[in-house]
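Let me begin by presenting the structure, written as structure tokens, before commenting on it.
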Amino acid sequence: STKQEWLSKRSMPVKCSRGTATSFGDKILVVDGSDEKRCMEFNPSTNSWAICKHRLQFKHEYGVATFHQNKIIVFGGRYSNYKIEENDPNVVGQWSTWELNLEEAKAAREMSLALFVTNETKFSQSFH
């Protein structure tokens with residue numbers, strides 16, 4: 001049996017709170033869940049951080065991030081206004097918002113979100 005150890009890496013360049021993270025390729029994207037609505041990209045091979053040029057349009061406090069079909073998708077969380085945002089990390093550009101009508105819950109804490117993505121259509125279903 002080989003003993004594995006945690007290695008300390010460079011700290012984030014700015015504070016991140018109530019956020020989420022996802023991996024894409026050989027990097028990690030961290031989305032801040034606070035009013036700052038910023039994201040940071042970590043490259044483990046160079047042990048370096050970069051702050052993304054464009055901020056998210058909505059706050060996703062305790063939201064979810066995933067990587068699907070070469071796009072970073074961020075959704076849910078408190079104060080997200082039930083919006084889903086996506087960004088292509090290989091193209092410098094703004095975050096875009098999916099045009100979906102989600103049934104509003106009385107409070108975001110009461111809502112969880114199931115997300116199904118196909119090549120042609122984006123579906124979502126809210127559960128209370």
Selection within the stretch 1-43 - within 23 Å of His60 (Cα to Cα), open to solvent by 50 Å² or more (accessible area, probe 1.4 Å), outside any strand (DSSP E or B) and of a type in the set (A, V, I, L, M): Met12
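Look at Lys71 and say whether it is closer than 16 Å to Trp98 by Cβ, open to solvent by 60 Å² or more (accessible area, probe 1.4 Å) and without any contact (Cβ under 8 Å) to a residue 40 or more places away in the chain. Let's see the steps before the verdict.
Details: closer than 16 Å to Trp98 by Cβ: yes; open to solvent by 60 Å² or more (accessible area, probe 1.4 Å): yes; without any contact (Cβ under 8 Å) to a residue 40 or more places away in the chain: yes.
It is true that Lys71 is closer than 16 Å to Trp98 by Cβ, open to solvent by 60 Å² or more (accessible area, probe 1.4 Å) and without any contact (Cβ under 8 Å) to a residue 40 or more places away in the chain.
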Residue in the stretch 49-68 that is nearest to the chain's Cα centre (by Cα), counting only those that are small (Gly, Ala, Ser) and open to solvent by less than 40 Å² (accessible area, probe 1.4 Å): Ala65
In the stretch 74-115, residue surrounded by the most Cβ atoms within 10 Å (Cβ to Cβ) [restricted to those that are basic (Lys, Arg) and modelled with pLDDT under 75]: Arg109
Close pairs (7 angstrom Cβ cut-off, 6 or more residues apart or separate chains): over 20 Å from Pro89 (Cβ atoms) in the stretch 4-30, surrounded by 12 or more Cβ atoms within 10 Å (Cβ to Cβ) and of a type in the set (Phe, Trp, Tyr) anywhere: Arg18/Tyr62
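The values are calculated or read from the model by the stated rules, or taken from the named source; none is laboratory data. Predicted, not measured: the structure shown is a model, and the values here were computed from it. Neighbour counts run over all protein chains shown; Cβ positions are idealised from the backbone, glycine included. With ligands, DNA and RNA removed, areas are computed over all heavy atoms of the protein, side chains included. Shrake-Rupley method; radii C 1.70, N 1.55, O 1.52, S 1.80 Å.
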